[in-house]
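Asks: Here it is, the structure in full.
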Amino acid sequence: MWRIHLLGELDIRSESDSSICLPSRKSEALLALLARHPGKRIAREKLAALLWPESREFNARVSLRQTLKQLRQSLARPGEEVIVVTGNALAIEPSLVRVDVVSFEELSEMGSRAALEEAADLYRGEFLEEVADLTEPFAEWVAFERMQLREQMLALLEKLMPGDPNASQTERAIQKAVNLLASDPLDERVHRLLMQLYQEQGRRSDALKQYRSCSALIQRNLSAQCDPRTEALYRQILEGGRHVCAEVRPQTARIVPAALDAILSRPAVAVLPFANLNGDPSQAYFSDGVAEDITTMLAGWRRFPLIASSSSLTCRDGSSQIQQIADELGAAYLVTGSVRHAGKSARIHARLIEAESGYIYWTKRYDLDISDVLKAQEDIAERIAAAIEPVLESAELSRIATKRTDYVNAWDCFLQGSSFLHRYTLESNALAQKCFQQAIELDPDYSDAHTGLALSHMRNLLLKSPAKLAEGDKLDRNMQIDLAFEAAQKAVALDQNSSDAHLQVGTAYVWIEDFDAALAETELAVKLNPSNAYARMALGNRLDLIGRNAEGIAQMRRSLELNPRDLNRWNFMGYLSRACLDSLQYDEALSWATTALRLRPDQPETHFRVAVCQAHLDRLIEAKSALAECERLCPGFVSMKSTWQPYSDPARSEHYFAGLRRLSLID
């Protein structure tokens, strides 16, 4: 049995109590990620994204494989596999490890005084106190875990307050609180707890000194006054009260989820009030406003049921566990976060949590200027909502991957179809169509399934292979467009407020070159859901196509800001690269094309775009090399693409290919 300590300094010990050192910081981080929830399977892609976020996908997976090998060798014992590999996921075998964080949480849940005291003893320090912040995603994960565990520890100490504990117990609680305060000196709840503990021991002067320290810190760092609860406690102590009651929290109203039979198979999402870390109640309007705006933005996606903010806002005090809150709200996923102000600046942490396991699927920190509060509030809500939606979809894909294949619903089929679309091949596109058609058979009124079917028909038009065309397997262009129109218009008829449905109607209009209708539908898609990065990218692309180049580039840049890690961003970057070429921004065009190539080197399109940009910069060798790789991936692609007319204006289309023709690389 291995004992793994994640609270305080990372420590791994065998049954003989001998400590081992892992060979690298990355192996320590990998162990921490797996040990936080023993038995919980984590996809390799998620682990790679947390530990090697800047690496290309292939390189990140290789690095993960090497680090996993090191870690398994360090924990190797005859007949035991501490780290279990199941398909594309990793997990720690729970029967072979004992993790202090897990024991801490289990004891805290028991609630008895003996269990709480034992749990408090396990809290040796902050979560992964000495582990380096290797990458930004990993650092954000650690920060969130620290905050969650810190909150649990603080709640635990508050529960131990009543009952007149003996002096040694109070002294231990004081030391724990002092340690908590060392990691966040601006946490007023800890200051108040220390004031109470000192008062319990009859150390009135120390309690008053703690208040003065708190007041000075808040004034110096935040230019603010202490929380009214801190002031009230100070006055109580000042007046000489021996016993000070622990803080009274309002009861959380129990919310019974509404019966939503039509969408019962889809997981609900709740956006909880963001914690106001400044402690000033007068500043709560901003953190509440951010949470409400995120709810509004997420509602625009229409794929996931949203718990009303009037219900979510009742879960404000932070005293309940994630699972309890989710049960009360009827939510499968929770969006949580915090806000801290400093003058005209604010720092916002946001995260997406799966309620059942407590697993953090996404977390990010945002720094913003709040000179214009309403504008800042809307901007940050738009960015967070845009980032969360694809992560929700990915989380659900991971869930259904373990589901019995003899029991699937329309939601499962839709998710599987969306996953196939991301692969961007004719074969995967055919599988996507089957999934969407199956979803429609299961639920004929499912708007999103019709939307996906429309997209798959239009994707066929983009993916046609020159080799297959030569063999006579030419796709019937008009039939595909007709089928796309039929599916997209059906989707709109089923849900007039679906941003995605209107987007696909607009895309179908592009294929028949009715740009006025395409633009109108796409603008409506953005209006219905401002955080829809796909709609914004399409709007930018279509503005560029009709000659409104500067406006188009602005929308495309905004799209990539909203969703910087989308699986299809390589294609978005291609549109932006083309628009930059048209506006004579050759270096920027090449930068976008090269970034897209790094993301999808398997796509001939990305190599062709790089060749076009290199040719405009008169780099013959680089352009020839890119075209050669393009042809290797898809013979005949260059000759087919050289007849392409990206713009309806012949002069603009000719300019796109001018560099390649100047260098005699195409006819």
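The values are calculated or read from the model by the stated rules, or taken from the named source; none is laboratory data. Just so it is clear, the model here is predicted, and its values are computed rather than measured. Cβ sites come from the backbone with ideal geometry, for glycine too, and all protein chains shown count toward neighbours. Ligands, DNA and RNA are stripped out before the accessible areas are found, and what is left, the full protein with its side chains, is counted by its heavy atoms. Shrake-Rupley method; radii C 1.70, N 1.55, O 1.52, S 1.80 Å.
Asks: What residue, of Ala268, Ala224, Ala275, is modelled with pLDDT of 75 or more, of a type in the set (Gly, Ala, Ser) and either exposed (fewer than 15 other Cβ atoms within 10 Å of the Cβ) or under 23 Å from Pro185 (Cα atoms) (or both)?
Replies: Numbers: Ala268 fails: either exposed (fewer than 15 other Cβ atoms within 10 Å of the Cβ) or under 23 Å from Pro185 (Cα atoms) (or both); Ala224 fails: modelled with pLDDT of 75 or more.
Testing whether each residue is modelled with pLDDT of 75 or more, of a type in the set (Gly, Ala, Ser) and either exposed (fewer than 15 other Cβ atoms within 10 Å of the Cβ) or under 23 Å from Pro185 (Cα atoms) (or both) leaves just Ala275.
Asks: All but one of (1) open to solvent by less than 20 Å² (accessible area, probe 1.4 Å); (2) farther than 30 Å from Arg565 by Cα; (3) not basic (Lys, Arg) hold for Ala611; state the number of the condition that does not hold.
Replies: The failed condition is (2).
Asks: Does Val505 qualify as being within 19 Å of Thr451 (Cα to Cα), of a type in the set (A, V, I, L, M, F, W, C) and open to solvent by 20 Å² or more (accessible area, probe 1.4 Å)? Before you say what the answer is, go through the steps one by one.
Replies: Values: within 19 Å of Thr451 (Cα to Cα): yes; of a type in the set (A, V, I, L, M, F, W, C): yes; open to solvent by 20 Å² or more (accessible area, probe 1.4 Å): no.
No, not satisfied.
Asks: For a quick check of your reading of the model, give me the residue pairs whose first member lies in the stretch 545-570 and is at pLDDT 90 or above and buried (at least 20 other Cβ atoms within 10 Å of the Cβ), whose second is outside any helix (DSSP H, G or I) and of a type in the set (A, V, I, L, M), with beta-carbon atoms closer than 9 Å and at least 6 apart or on different chains.
Replies: Within 9 Å, the pairs are Gly552/Ile546.
Asks: Can you give me the number of residues within the stretch 128-153 that are under 16 Å from Gly358 (Cα atoms) and hydrophobic (A, V, I, L, M, F, W, C)? Let's see the steps before the verdict.
Replies: Step one: list which residues in the stretch 128-153 are under 16 Å from Gly358 (Cα atoms), which gives 140-152.
Remaining after also requiring hydrophobic (A, V, I, L, M, F, W, C): 141-144, 147, 149.
Going through the stretch 128-153 one residue at a time, the tally reaches 6.
Asks: Residues in the stretch 133-155: is at least one assigned to a loop (DSSP other than H, G, I, E, B) and either modelled with pLDDT of 75 or more or more than 28 Å from the chain's Cα centre (by Cα) (or both)?
Replies: First, the residues of the stretch 133-155 that are assigned to a loop (DSSP other than H, G, I, E, B): 133-135.
From the residues that got through so far, the ones that are either modelled with pLDDT of 75 or more or more than 28 Å from the chain's Cα centre (by Cα) (or both) too are 134-135.
So far as the stretch 133-155 goes, yes, one or more of its residues are assigned to a loop (DSSP other than H, G, I, E, B) and either modelled with pLDDT of 75 or more or more than 28 Å from the chain's Cα centre (by Cα) (or both).
Asks: Starting from the stretch 207-218, keep only residues that are touching a residue at least 40 places away in the same chain (Cβ under 8 Å) and in a helix (DSSP H, G or I), then list their pairs with residues that are surrounded by fewer than 22 Cβ atoms within 10 Å (Cβ to Cβ) and of a type in the set (Gly, Ala, Ser) whose Cβ atoms are within a distance under 7 Å, requiring at least 6 positions of separation or different chains.
Replies: Matching pairs, first to second residue: Ile218/Ala224.
Asks: Could I ask something else about it? Across the stretch 139-161, what is the total count of residues that are under 15 Å from Glu117 (Cβ atoms), in contact with a Phe, Trp or Tyr (Cβ under 9 Å, 6 or more places away or on another chain) and open to solvent by 10 Å² or more (accessible area, probe 1.4 Å)?
Replies: Final tally of qualifying residues: 1.
Asks: Here is a list: Asp495, Asp500. Which entry is under 26 Å from Phe420 (Cβ atoms), at pLDDT below 95 and within 24 Å of the chain's Cα centre (by Cα)? Before the answer, list the steps.
Replies: On the way: Asp495 fails: within 24 Å of the chain's Cα centre (by Cα).
After ruling out the rest, the residue left standing is Asp500.
Asks: Collect the residues in the stretch 504-542 that are modelled with pLDDT of 90 or more and touching a Ser or Thr at 6+ places or on another chain (Cβ under 6 Å), keeping them in residue-number order.
Replies: Gln504, Gly506, Ala525, Ala535, Arg536, Met537, Ala538, Leu539, Arg542
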